[in-house]
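Participant: Would you mind keeping the following structure in view while I ask a few things?
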Amino acid sequence: MMRGALALLMLSASPVLAADTFALPQGCEAFVTIQSRSCAVEHHFVCAADPEGIKRRASLSEDGMTYLGSTDREGQWVTSFYPELGDEETLEAAPADPASLTELLANGVDTYDFQTLSDTVGTTRYVGQDRLTGTTETIDGITLQQTEYNIRAYGPDGTEIWSSAGREYVSDRWRLFIGGTGRVTVPTETFDKDDRPVEFIFPGEPGFLSANPKHDCGAMLSSAPSDLMPKEIAHDHL
């Protein structure tokens, strides 16, 4: 059911490249649009056909859609699709240490060790942790809890593909992770990224479901090599 819904989303949303408004699939309802640093805009929504607790996200850059995915109530990456690669990943059935937003919010720290499955790239293992720093920050009227994270990704043969560490945010209101700042290391180099939110836009407000990112567009803010796969520079809680 997840694969079918994700495919439907891709087909329904594809006209966004030529329009000013992101088109949701039938039966879906968005609850917030986030305009972020690094020339990105993302839309968070729910769909009536999905299991309870599933939330979906679509991310766009100046060049169009970069990511489609879904998370559950615990913040687990249920599905992830990277249009530029044609790569779809799904969460394994029984993770060794499932990610748990409940654990993080209750105890201030959560570890995880899980795998995603892909017909394109095979199995990817993710190991890491999130920790609340105890700091809250209000951005555009929305209060968020700050986190520190570290994560490592391993390929099918156990070789480390990339690692990342930094700070981001969590919303207990929406049970979502929201981008922040971090440093990404790949086998050949290291670079910084900045995915911090700037604007939270709600239904009925100007800019809700806009297909056009607003902040830092056209600026060279990252030293990320141009030949990196999109998934290697994506927000680490997709």
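The values are calculated or read from the model by the stated rules, or taken from the named source; none is laboratory data. This structure is a prediction, so every number in the text was calculated from the model and none was measured. For neighbour counting, all protein chains shown are included, and Cβ atoms are generated from backbone atoms with ideal geometry for every residue, glycine included. Heavy atoms of the whole protein, side chains included, go into the accessibility calculation; ligands, DNA and RNA do not. Shrake-Rupley method; radii C 1.70, N 1.55, O 1.52, S 1.80 Å.
Participant: Can you name every residue in region 64-105 that is among the β-branched types (Val, Ile, Thr), more than 12 Å from the chain's Cα centre (by Cα) and part of a strand (DSSP E or B)?
Facilitator: Listed by number, the list holds a single entry, 90.
Participant: Separate question: Among the residues of region 115-153, count how many are out of contact with any Phe, Trp or Tyr (no Cβ under 8 Å at 6 or more places or on another chain) and either of a type in the set (A, V, I, L, M, F, W, C) or open to solvent by less than 50 Å² (accessible area, probe 1.4 Å) (or both).
Facilitator: Looking only at that region, the number is 8.
Participant: Can you pull out every residue in region 165-175 that is out of contact with any Lys or Arg (no Cβ under 7 Å at 6 or more places or on another chain), part of a strand (DSSP E or B) and open to solvent by less than 70 Å² (accessible area, probe 1.4 Å)? Spell out the reasoning first.
Facilitator: Here is the first cut: in region 165-175, the residues out of contact with any Lys or Arg (no Cβ under 7 Å at 6 or more places or on another chain) are 167-174.
Keeping just the survivors that are part of a strand (DSSP E or B) gives 167-171.
Answer for region 165-175, where residues must be out of contact with any Lys or Arg (no Cβ under 7 Å at 6 or more places or on another chain), part of a strand (DSSP E or B) and open to solvent by less than 70 Å² (accessible area, probe 1.4 Å): 168, 169, 170, 171.
Participant: Between 88, 92, 103, which is in contact (Cβ under 8 Å) with a residue 40 or more places away in the chain, more than 20 Å from residue 211 (Cβ to Cβ), acidic (Asp, Glu) and touching a strand residue (DSSP E or B) at 6+ places or on another chain (Cβ under 6 Å)?
Facilitator: Details: 92 fails: in contact (Cβ under 8 Å) with a residue 40 or more places away in the chain; 103 fails: in contact (Cβ under 8 Å) with a residue 40 or more places away in the chain.
Just a single option satisfies the conditions, and that option is 88.
Participant: I'd like to know if region 103-112 contains one or more residues that are buried (at least 18 other Cβ atoms within 10 Å of the Cβ) and either of a type in the set (Ser, Thr, Tyr) or over 17 Å from residue 177 (Cβ atoms) (or both).
Facilitator: Scanning region 103-112 turns up at least one residue that is buried (at least 18 other Cβ atoms within 10 Å of the Cβ) and either of a type in the set (Ser, Thr, Tyr) or over 17 Å from residue 177 (Cβ atoms) (or both).
Participant: Take the residues of region 88-102 that are open to solvent by less than 50 Å² (accessible area, probe 1.4 Å) and hydrophobic (A, V, I, L, M, F, W, C): which is nearest to residue 169 (Cα to Cα)?
Facilitator: Top of the filtered list is 101.
Participant: Please determine whether any residue of region 46-58 is touching a residue at least 60 places away in the same chain (Cβ under 8 Å) and in a strand (DSSP E or B).
Facilitator: Within region 46-58, one or more residues are touching a residue at least 60 places away in the same chain (Cβ under 8 Å) and in a strand (DSSP E or B).
Participant: Can you find even one residue in region 134-149 that is closer than 25 Å to residue 84 by Cβ, under 16 Å from the mean Cα position of the chain (by Cα) and part of a strand (DSSP E or B)?
Facilitator: There is at least one residue in region 134-149 that is closer than 25 Å to residue 84 by Cβ, under 16 Å from the mean Cα position of the chain (by Cα) and part of a strand (DSSP E or B).
Participant: Quick test of your reading of the structure: residue 16 fulfils all but one of (1) under 17 Å from the mean Cα position of the chain (by Cα); (2) β-branched (Val, Ile, Thr); (3) modelled with pLDDT under 50. Name the failing condition by number.
Facilitator: (1)
Participant: Here is a follow-up. Looking at region 190-216 only, could you name the residues that are in contact (Cβ under 8 Å) with a residue 40 or more places away in the chain, in a loop (DSSP other than H, G, I, E, B) and on the phi < 0 side of the Ramachandran plot?
Facilitator: Those that are in contact (Cβ under 8 Å) with a residue 40 or more places away in the chain, in a loop (DSSP other than H, G, I, E, B) and on the phi < 0 side of the Ramachandran plot: 195, 196, 202, 203, 208, 211, 212, 213, 214, 215.
Participant: Quick one: count up the residues across region 29-52 that are more than 15 Å from residue 213 (Cβ to Cβ) and either touching a helix residue (DSSP H, G or I) at 6+ places or on another chain (Cβ under 6 Å) or open to solvent by 30 Å² or more (accessible area, probe 1.4 Å) (or both).
Facilitator: Here the count works out to 7.
Participant: Right, next: From the list 9, 85, exactly one residue is modelled with pLDDT under 95 and surrounded by fewer than 21 Cβ atoms within 10 Å (Cβ to Cβ). Which is it?
Facilitator: 85
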